[in-house]
Structure formats: C-alpha cells, structure tokens
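The values are calculated or read from the model by the stated rules, or taken from the named source; none is laboratory data. For clarity, every value in this text was computed on a predicted model and none was experimentally measured. Here the Cβ is made from the backbone with ideal geometry for all residues, glycine too, and neighbour counts use every protein chain on show.
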Amino acid sequence: MKIAGIITDTNQYFTFKLDQEIYALDITQVREVLDFSEITKVPRMPEFMRGVINLRGGVVPVVDLRLKFGMTKTVKTVDTCVIIIDLTIEDETTLLGVLADSVQEVMTMEPDQISAPPKIGTRLDTEFIKGMGEKNEKFVIIIDIDKVFSLDDMTVLKSKGDVSKTKENGKQDIHSGTSI
C-alpha cells in the first residue's frame, strides 16, 4: 500500500545498477533476467528504444533505461542483462525488456527504511520515483516503472511487440504464444 507518496508495507525489491546508482523495482513486476544477447534494431524508433528480442516466440521491445533517464547509452559488458518486466499503463499490460548494467539482489525493505521521493520543484518530473530506500548507507532509488513511460512511449512500444496483434479468432497472448 502507498499513501501520499510513502510506502507503508514491507516489500521485496529487485535491485539493479545503472551507471553507479542502484535502482529497485517491485519484485512482482519482474518476470526474468536474460543475458544481453542480440537485439534487432527497429527503424525510426525513439533513441531509448534499442529494438526487440525474441522471447520464446514472442516479440518483446527492449529499452535502455540509461537513455530514458538522460544518461549515456548502455554498453555491453559481461554483467549487462535484460530484465523482463510487466509494464502496465491505463489498465493494459505488456512485456518489456529493460537493459541494466548489472543485477544486484532481491532485498526486503521495511517502510521505515524508505523515505518519500525528493521534491525537486515543478520543472523536473520525479513522479516515477516511489521512494528512496537505504542499504549500507547508500541510497536505493525505488522506481515505479509504469510511470517511467508516457502513454506515447507505450503506444510506440506496443506497436513493436506482438501484444496487441489481432488474429481472426482473437488476440495473441504474448506470454504463451497461443491465441485466446
């Protein structure tokens, strides 16, 4: 539960690094972690969208959170990975691959370990930050991945994946690759 920007329940978070900072996602949104492999580039996409991957027969868009957050492009290293997450915007859920410099750990944080997100004025959008956790005297930025992407971003991402592809007899379920 979240009241007025403050997390009030104990939660488990999946942590990962971008640049030198540690970020966290609610563990319930993380499906799996893949090694960074070949990404097929899609023409005329926003810079933060690196392309698509094949995940068990389904097309999954892959984004570079470093670029989305105004950092430099992710460079492939031995630790670079793709985190497959469930992204929900306006009651629609899709699979999304997110590049990370490295995966850290799954950690449990109590509400008293989490501070409210910083208020940086009206010019900077920090709505996607759920809170600031602390571990070993270092901040962990807890993000609401659903708020990182705008509705326009979601439209672009969905158009590149198979999530809204309609067949004669219904929609294709990207999770199983079967028609429903």
*Among all residue pairs at least 6 apart or on different chains, which show Cβ distances below 6 Å where the first residue, located in region 92-106, is over 16 Å from residue 32 (Cβ atoms) and the second is assigned to a strand (DSSP E or B) and of a type in the set (Gly, Ala, Ser)?*
none
_Suppose we filter region 66-83 for residues that are in a loop (DSSP other than H, G, I, E, B), of a type in the set (A, V, I, L, M, F, W, C) and in contact (Cβ under 8 Å) with a residue 24 or more places away in the chain; how many remain?_
2
*asked:* Being on the phi < 0 side of the Ramachandran plot and under 12 Å from the mean Cα position of the chain (by Cα) is the requirement here; does residue 99 meet it?
replied: yes
*How about region 70-120: which of its residues are in contact with a strand residue (DSSP E or B) (Cβ under 6 Å, 6 or more places away or on another chain) and of a type in the set (Ser, Thr, Tyr)?*
74, 93, 94, 102, 108, 115
*Here are some residues: 47, 92, 21, 38. Which one is over 27 Å from residue 117 (Cβ atoms) and surrounded by fewer than 19 Cβ atoms within 10 Å (Cβ to Cβ)?*
38
*Only one of these conditions is not met by residue 119: (1) modelled with pLDDT of 90 or more; (2) in a loop (DSSP other than H, G, I, E, B). Which number is it?*
(1)
*Looking only at region 5-19, which residues are within 18 Å of residue 68 (Cα to Cα) and either modelled with pLDDT under 90 or of a type in the set (A, V, I, L, M) (or both)?*
18
